[in-house]
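Asker: Dropping a structure here in structure tokens format, bear with me for questions.
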Amino acid sequence: MTTTIVDEAFDGVDGVRLRAAMGEELLARFSDVQEREPVEPTAENVDAFVVARDIAGTAVGCGALRVLDDGTAEVKRMYVAPEARGTGASTAILRALEDRARERGVVTVQMATTVRQPEAVRFYEREGYKRIHSFGPYPEHPLGVYLAREID
């Protein structure tokens, strides 16, 4: 599948739809967890948002980037629809977010995921991300997996 990455508004129709689908998947995995993310991503607090589109122009994935005060950036709300998994869309989104980070002078990109998302952990590790201690507003959580990669 050919994937095109496009910068779009975080609160655009396709982004909202894709993040809602991600939310449904996460709810199924975390129905027993009541905690919420300390700082929810919004159009006001993300620095970049990209959408992956297939050859027909259908939005099949997305990801956001939040630049942090210490010169690092965090990947947020990265998601690829089940029918587009294994097509390279995830890698295209991640590389686009790394490019957006470089454009903003960032050298380290990090993210938080969980042990209940082993496919995400495998993906990030395959893409060169290494496990780190928790960061920012994320306390050491028994389900948490924190990863980072130097991009410069």
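Asker: Scan segment 52-75 and tell me whether some residue there is among the charged types (D, E, K, R), within 26 Å of residue 30 (Cα to Cα), touching a helix residue (DSSP H, G or I) at 6+ places or on another chain (Cβ under 8 Å) and surrounded by fewer than 20 Cβ atoms within 10 Å (Cβ to Cβ).
Answerer: We begin by selecting, within segment 52-75, every residue among the charged types (D, E, K, R); these are 53-54, 66, 69-70, 74.
From the residues that got through so far, the ones that are within 26 Å of residue 30 (Cα to Cα) too are 66, 74.
From what is left, the residues that are touching a helix residue (DSSP H, G or I) at 6+ places or on another chain (Cβ under 8 Å) are none.
Looking for residues that are among the charged types (D, E, K, R), within 26 Å of residue 30 (Cα to Cα), touching a helix residue (DSSP H, G or I) at 6+ places or on another chain (Cβ under 8 Å) and surrounded by fewer than 20 Cβ atoms within 10 Å (Cβ to Cβ), one finds none in segment 52-75, hence no.
Asker: Given (1) over 14 Å from the mean Cα position of the chain (by Cα); (2) at pLDDT 95 or above; (3) of a type in the set (Ser, Thr, Tyr), identify the lone condition not met by residue 31.
Answerer: Status for residue 31: all satisfied but (2).
Asker: Which ones in segment 76-95 are surrounded by fewer than 21 Cβ atoms within 10 Å (Cβ to Cβ) and β-branched (Val, Ile, Thr)?
Answerer: 87, 91
Asker: Same structure again: Please specify each residue of segment 1-18 satisfying the condition of being at pLDDT 85 or above and either under 17 Å from residue 83 (Cβ atoms) or hydroxyl-bearing (Ser, Thr, Tyr) (or both). Let's see the steps before the verdict.
Answerer: The initial filter retains those residues of segment 1-18 that are at pLDDT 85 or above, namely 3-18.
Matches in segment 1-18: 3, 4, 14, 17, 18.
Asker: Then there is this: If only one of 91, 58, 42 is among the β-branched types (Val, Ile, Thr) and farther than 18 Å from residue 6 by Cβ, which one is it? Spell out the reasoning first.
Answerer: Working: 91 fails: farther than 18 Å from residue 6 by Cβ; 58 fails: farther than 18 Å from residue 6 by Cβ.
Just a single option satisfies the conditions, and that option is 42.
Asker: Being surrounded by 14 or more Cβ atoms within 10 Å (Cβ to Cβ) and within 16 Å of residue 73 (Cβ to Cβ) is the filter here, so list the residues in segment 103-121 that pass it.
Answerer: Passing the criteria: 106, 108, 109, 110, 111, 112, 113.
Asker: Something else: All but one of (1) buried (at least 19 other Cβ atoms within 10 Å of the Cβ); (2) touching a Lys or Arg at 6+ places or on another chain (Cβ under 6 Å); (3) not in a strand (DSSP E or B) hold for residue 124, so report the exception by its number.
Answerer: (2)
Asker: Without any contact (Cβ under 8 Å) to a residue 24 or more places away in the chain and either more than 21 Å from residue 43 (Cβ to Cβ) or among the hydroxyl-bearing types (Ser, Thr, Tyr) (or both), is that true of residue 71? Spell out the reasoning first.
Answerer: Details: without any contact (Cβ under 8 Å) to a residue 24 or more places away in the chain: no; either more than 21 Å from residue 43 (Cβ to Cβ) or among the hydroxyl-bearing types (Ser, Thr, Tyr) (or both): yes.
Judged against the criteria, residue 71 is not a match.
Asker: Further question on the same structure: Would you confirm whether any residue within segment 137-152 is in contact with a Leu (Cβ under 7 Å, 6 or more places away or on another chain) and part of a strand (DSSP E or B)? Break it down stepwise before answering.
Answerer: Start the filter on segment 137-152 by keeping residues that are in contact with a Leu (Cβ under 7 Å, 6 or more places away or on another chain), which leaves none.
No: zero hits.
The values are calculated or read from the model by the stated rules, or taken from the named source; none is laboratory data. None of the values given here were measured: they were computed from a predicted structure. Cβ coordinates were reconstructed from backbone atoms using ideal geometry, including for glycine residues, and neighbour counts include every protein chain displayed.
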